[in-house]
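To keep things clear, I will list the structure first and then write my remarks on it.
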Amino acid sequence: MQRTHSPVVFPRWYSVGAALIAVILWSLAPLLAERAHTSSPLQLAALTLLAGALATLPLSRRVNVASCSRGWQLGIWIGIPLLILGAVSTYFIGMRLAPAAEAALITYTWPVLFVLLSQWSRFGRLRLAGVTGALIAFSGAALLLVPQALSSGLGGATVGYGLALLAACCWALYSWLSQAAPVSITPLLPRLLLIACAITTLLGVGLEGQLILPSGEALLAGVALGLGPYGVAMVAWDKALRWGHASLVGSLAYGVPILAGLLLVLAGVSVLDWRLPTAALLVVIGCLNAGR
């Protein structure tokens, strides 16, 4: 007689609780990055990726990547680490050149870009809800970008905003590749983060002449970034998606830009004016509309 095993069903609050942990940790990322401003962006990125690799070690297990096509092998072992490196480093550089809250808000438009990529790859076209959501979300980003560009040209903070948008593109591509890959990416995350850390270290030595370990508050903030937003948060998010409904869990992530901006204002890093909450609201509405 063959015995069947029913899947383990977790209460809904398990997935919601795990998702909230990830959202809170992601919301702390801009504040932690600001506290580490004394270190160079590449130094901070290398430290963060190393700490993230250590924090995600419990997820590691053997995955048969060799069974994938050569293109997917290159995409997994080279493409994904480069996207992680691009996302983290351009995010840190963008926050040095532009106000932290505004730069973080622009980076958090990545869910809209991810939705558009997913729609295009799955249906071969973009759906109206996705396009409308993207337009709403990026109108919020434009609310921050346009006045800065008109007042100071294409330098300074405007470059920082552009790098923050590049970080959003990297996160969207990373998420899309992780979803489309023929094998699970999550168990490979520690190794992928270590590869990204090694590339960052080489870039730091080549571009800056040396790579010095941050000290004091910058060291603590860098380790916290790796352990939290790029470590425990990824583990919690993976569990949330596995335990609960993806749409319910995904909708919680849209609160990250509002909570991150609020924390920066409360910490005295950013000054609250009408543009920031309005832009945050437009980004959240756009993400919700695109995710329908």
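The values are calculated or read from the model by the stated rules, or taken from the named source; none is laboratory data. Just so we're clear, the structure is a prediction, and the values are computed from it rather than from any experiment. Please note: Cβ atoms are built from the backbone with ideal geometry, for glycine as well, and neighbour counts cover all protein chains shown. Heavy atoms of the whole protein, side chains included, go into the accessibility calculation; ligands, DNA and RNA do not. Shrake-Rupley method; radii C 1.70, N 1.55, O 1.52, S 1.80 Å.
Checking residue 213 against (1) within 16 Å of residue 47 (Cβ to Cβ); (2) part of a helix (DSSP H, G or I); (3) in contact (Cβ under 8 Å) with a residue 24 or more places away in the chain: exactly one of these is not met. Which one?
That leaves (2) as the condition not met.
Condition test on residue 172, is it on the phi < 0 side of the Ramachandran plot, touching a residue at least 40 places away in the same chain (Cβ under 8 Å) and open to solvent by less than 70 Å² (accessible area, probe 1.4 Å)? Give the derivation first.
On the way: on the phi < 0 side of the Ramachandran plot: yes; touching a residue at least 40 places away in the same chain (Cβ under 8 Å): yes; open to solvent by less than 70 Å² (accessible area, probe 1.4 Å): yes.
In short, yes.
Quick one: residue 248 ticks every box in (1) touching a Lys or Arg at 6+ places or on another chain (Cβ under 8 Å); (2) at pLDDT 80 or above; (3) open to solvent by 10 Å² or more (accessible area, probe 1.4 Å) except a single one, so which number is it?
Against the list (1) touching a Lys or Arg at 6+ places or on another chain (Cβ under 8 Å); (2) at pLDDT 80 or above; (3) open to solvent by 10 Å² or more (accessible area, probe 1.4 Å), residue 248 comes up short only on (2).
Can you go through 137, 142, 167, 172 and tell me which one is in contact with a Cys (Cβ under 7 Å, 6 or more places away or on another chain) and either at pLDDT 85 or above or not in a loop (DSSP other than H, G, I, E, B) (or both)?
When all the criteria are applied, what remains is 137.
Return the only residue of 80, 106, 93 being touching a residue at least 24 places away in the same chain (Cβ under 8 Å), of a type outside the set (Phe, Trp, Tyr) and open to solvent by 30 Å² or more (accessible area, probe 1.4 Å).
Details: 80 fails: open to solvent by 30 Å² or more (accessible area, probe 1.4 Å); 106 fails: open to solvent by 30 Å² or more (accessible area, probe 1.4 Å).
Only one candidate passes the filter, namely 93.
Which residue is most open to solvent (accessible area, probe 1.4 Å), if the candidates are limited to segment 53-77 and must be closer than 20 Å to residue 169 by Cβ and either touching a residue at least 40 places away in the same chain (Cβ under 8 Å) or not hydrophobic (A, V, I, L, M, F, W, C) (or both)?
Step one: of segment 53-77, the residues closer than 20 Å to residue 169 by Cβ are 74-76.
Checking the rest, the ones that are also either touching a residue at least 40 places away in the same chain (Cβ under 8 Å) or not hydrophobic (A, V, I, L, M, F, W, C) (or both) come to 75-76.
Details: 75: 20, 76: 0 Å².
Ranking the qualifying residues of segment 53-77, first place goes to 75.
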